[in-house]
1. Considering only the range 50-57, I want to know if a residue exists there that is of a type outside the set (A, V, I, L, M), over 21 Å from the mean Cα position of the chain (by Cα) and in a helix (DSSP H, G or I).
2. If you scan the range 203-226, which residues turn out to be among the charged types (D, E, K, R) and either modelled with pLDDT of 75 or more or in contact with a helix residue (DSSP H, G or I) (Cβ under 7 Å, 6 or more places away or on another chain) (or both)?
3. Please go through (1) part of a helix (DSSP H, G or I); (2) at pLDDT 75 or above for Ser229 and return the number of the only condition it doesn't satisfy.
4. Could you count how many residues in the range 38-51 are among the hydrophobic types (A, V, I, L, M, F, W, C) and surrounded by fewer than 17 Cβ atoms within 10 Å (Cβ to Cβ)?
5. State whether one or more residues within the range 91-104 are loosely packed, with under 13 Cβ neighbours inside 10 Å, in contact (Cβ under 8 Å) with a residue 24 or more places away in the chain and either of a type in the set (A, V, I, L, M) or not assigned by TED's automatic domain parsing to the domain that holds Asp172 (or both).
6. Out of (1) in contact with a Pro (Cβ under 8 Å, 6 or more places away or on another chain); (2) in contact (Cβ under 8 Å) with a residue 24 or more places away in the chain, the odd one out for Glu83 is which?
Amino acid sequence: MINPINNYSFTFTQKESVRQESSKSVPQKRSALRHTAENRDITTGDKIKAGIGSVVGTVLPMILMMKKQKVKNPFKLNYGLQEIIGMSASSIIGGVAVGMIGEDKKTNENKLKEGLFQFMNASIPTWIVGGVLKLCESSKHFNNIPGKIMSIAGGLIVGMYGAASVSNLICDPFDKRPDRKLTFKDCLINIDDALGVLVLAKFPCADKLHFERLLPFIFAYCGYRSGKSN
């Protein structure tokens, strides 16, 4: 003979279990739908537009710098903090502006957010490293090669993660979406400061490799990534 109370308890538990599993799957479905709605495949047209915009945005400030510094060879330009920030901003603006042509509102909004992230990642670590080096030079204990190397490395780490946090806060102040994570490709924008560590450490031939010649290509790449962002 089946106990009706136990039978009722089993049925109730079974229904409750189904209900809980169903409720757990709802957020996952919503998350998947939201992810699908906010992302789309990057087309060849996206890449072409982003490439054109980023190259134009990189070349224009280089031309102005060449006139100002009175040099005919673009690979002999001297870069300071102002030039680095100006060129990075111009390349990103170019890539995003041309990449937005013919796109819908949501896609353009995402491109603007990626552009902001790339600019923050290019400028904030540079500002921090520049400030830290000045402090090292004014200090009796840290005005040496080991002190500068540690300061640059620390400034880069703090600057990059700080830039990511600031851009995420600006783009998503109420934390409704997953944060934009810092990736290895994002670190390439700060390769000029990182390679400067090799020069300070007197790494063989580091001061003769002219790492600054890579900057236009690095900035153009950042503008390209921003412009083709989905």
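The values are calculated or read from the model by the stated rules, or taken from the named source; none is laboratory data. Keep in mind the model is a prediction, meaning the values are calculated, not measured. Quick reminder, even Gly has a Cβ in these numbers, built from the backbone with ideal geometry, and neighbours come from all protein chains shown.
1. The answer is no; no qualifying residue exists.
2. If the condition is that a residue be among the charged types (D, E, K, R) and either modelled with pLDDT of 75 or more or in contact with a helix residue (DSSP H, G or I) (Cβ under 7 Å, 6 or more places away or on another chain) (or both), then Asp207, Glu212, Arg213, Arg225 are the ones that fit.
3. Ser229 satisfies every listed condition except (1).
4. Residues that pass the stated criteria total 2.
5. Yes: one or more hits.
6. So Glu83 meets the others, but not (2).
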